[in-house]
1. Just to verify a result, which residue in the range 59-72, among those that are open to solvent by 30 Å² or more (accessible area, probe 1.4 Å) and in a loop (DSSP other than H, G, I, E, B), is modelled with the lowest pLDDT?
2. Within the range 208-219, restricting attention to residues that are part of a loop (DSSP other than H, G, I, E, B) and surrounded by 12 or more Cβ atoms within 10 Å (Cβ to Cβ), which residue is farthest from the chain's Cα centre (by Cα)?
3. Considering each of T118, T79, T56 in turn, give the residue that is open to solvent by 20 Å² or more (accessible area, probe 1.4 Å), of a type outside the set (A, V, I, L, M, F, W, C) and without any contact (Cβ under 8 Å) to a residue 12 or more places away in the chain.
4. Kindly provide the set of residues from the range 130-147 that are of a type in the set (S, T, Y) and either open to solvent by 10 Å² or more (accessible area, probe 1.4 Å) or touching a helix residue (DSSP H, G or I) at 6+ places or on another chain (Cβ under 6 Å) (or both), ordered by number.
5. What's the number of the only condition in (1) loosely packed, with under 14 Cβ neighbours inside 10 Å; (2) under 13 Å from the mean Cα position of the chain (by Cα) that F201 fails to meet?
6. Is it the case, given these coordinates, that A222 is surrounded by fewer than 17 Cβ atoms within 10 Å (Cβ to Cβ) and among the small types (G, A, S)?
7. Just for the range 89-108: of the residues that are of a type in the set (A, V, I, L, M, F, W, C) and open to solvent by less than 20 Å² (accessible area, probe 1.4 Å), which one is farthest from I26 (Cα to Cα)?
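The values are calculated or read from the model by the stated rules, or taken from the named source; none is laboratory data. Being a predicted model, the structure only gives us computed values, none of them experimental. Backbone-built Cβ (ideal geometry, glycine too); neighbour counts: all protein chains shown. These accessible areas exclude ligands, DNA and RNA; they are computed on the full protein's heavy atoms, side chains included. Shrake-Rupley method; radii C 1.70, N 1.55, O 1.52, S 1.80 Å.
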Amino acid sequence: MSNTSFEEQLDKMDFFRSHPSLKPFIGKNYTENEAGIRILLVGESHYVENPLPQITRESLLNDWWSENPPLINDISWYTTRGTIHNFMFGEPVRSYSLFREPCKVYNDCFLHGKYQSTEEIRSLFDSFAYMNYFQMPALYERISLWKSLLIFNNETNKVHPLSSEIWDKTEKISNEVFLSVAEILKPDKIVFLSTEAYNAFKRQNETYDTDKIFATVHPTCAWWNREMKSGFTGKEALINFFTSLASQRKSI
């Protein structure tokens, strides 16, 4: 199936008709890449600097999911495809580790380090499809969606009825959108680059294809380069996963 066909199907989804900025990125080489495998990368969420003054708990709980969602903040802060374009063609920044690290591991594991320049490595993102799991941006810069809700509602991790109500609805609808996208893109493998997103996915899906789905920590967090209880860093876990996939492809 061509990328054009994917686009036509995504455009038929009600959610993306009202939230086009959250449509997934589909690399031009997603269906035919050098590794010979379709990989859907899944991040956590976009974020904004601060929510606009008119945003309320009620607008987050109901209006955001309507056909005419309010702007939480400047739309340029949470445009999936725009963010990927900025990563691939703009100035390198630390936050782009989320996209850069999978490209580097992909290059080493599948292509034996074939590409060396920064531009070449960034171009490898065209071999992936990418989306965020949570279909609502975090309300403050560089923190998780859950923590942003706690701050917004002036709650704590121990007492959080308002945040939980928004979170539960966000988790449920986000999962529905995610499953619909996966059905359209039909990836061979799905790689969660966020344990929070992966845990939310597991809560919403009692059963799923464990062979198809892999999860590691966010590439910008400390555990990406720090050994975890598993005995591996987050990066090493992704290297092991991609190396296993590369070996499987060779044996076919």
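1. Quick first cut of the range 59-72, residues open to solvent by 30 Å² or more (accessible area, probe 1.4 Å) only: 62-63, 65-71.
When the remaining residues are screened for being in a loop (DSSP other than H, G, I, E, B), the result is 62, 66-71.
Details: N62: 96, S66: 96, E67: 94, N68: 92, P69: 94, P70: 91, L71: 88.
Of everything passing the filter in the range 59-72, L71 is modelled with the lowest pLDDT.
2. Kept after step one, since they are part of a loop (DSSP other than H, G, I, E, B), are these residues of the range 208-219: 208-212, 216-219.
Now narrow it down to the ones that are surrounded by 12 or more Cβ atoms within 10 Å (Cβ to Cβ): 208, 212, 216-219.
Numbers: Y208: 18, K212: 16, T216: 12, V217: 12, H218: 10, P219: 12 Å.
Among them, the one singled out is Y208.
3. Working: T118 fails: without any contact (Cβ under 8 Å) to a residue 12 or more places away in the chain; T79 fails: without any contact (Cβ under 8 Å) to a residue 12 or more places away in the chain.
The conditions single out T56.
4. At the first step, the residues of the range 130-147 found to be of a type in the set (S, T, Y) are 130, 133, 140, 144.
Correct list: Y133, Y140, S144.
5. (1)
6. Considered against the rule, which asks whether it is surrounded by fewer than 17 Cβ atoms within 10 Å (Cβ to Cβ) and among the small types (G, A, S), A222 comes out as yes.
7. So the first thing to find is which residues in the range 89-108 are of a type in the set (A, V, I, L, M, F, W, C), and the list is 89, 93, 98-99, 103, 105.
With open to solvent by less than 20 Å² (accessible area, probe 1.4 Å) added as a condition, the list becomes 98-99, 103, 105.
Numbers: L98: 16, F99: 13, C103: 15, V105: 19 Å.
The residue in question is V105.
Yes or no, residue by residue, for (1) at pLDDT 95 or above; (2) over 19 Å from K104 (Cβ atoms); (3) not aromatic (F, W, Y):
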residue: D211; (1), (2), (3): no, yes, yes
residue: V217; (1), (2), (3): yes, no, yes
residue: C221; (1), (2), (3): no, no, yes
residue: N240; (1), (2), (3): yes, no, yes
residue: Q248; (1), (2), (3): no, yes, yes
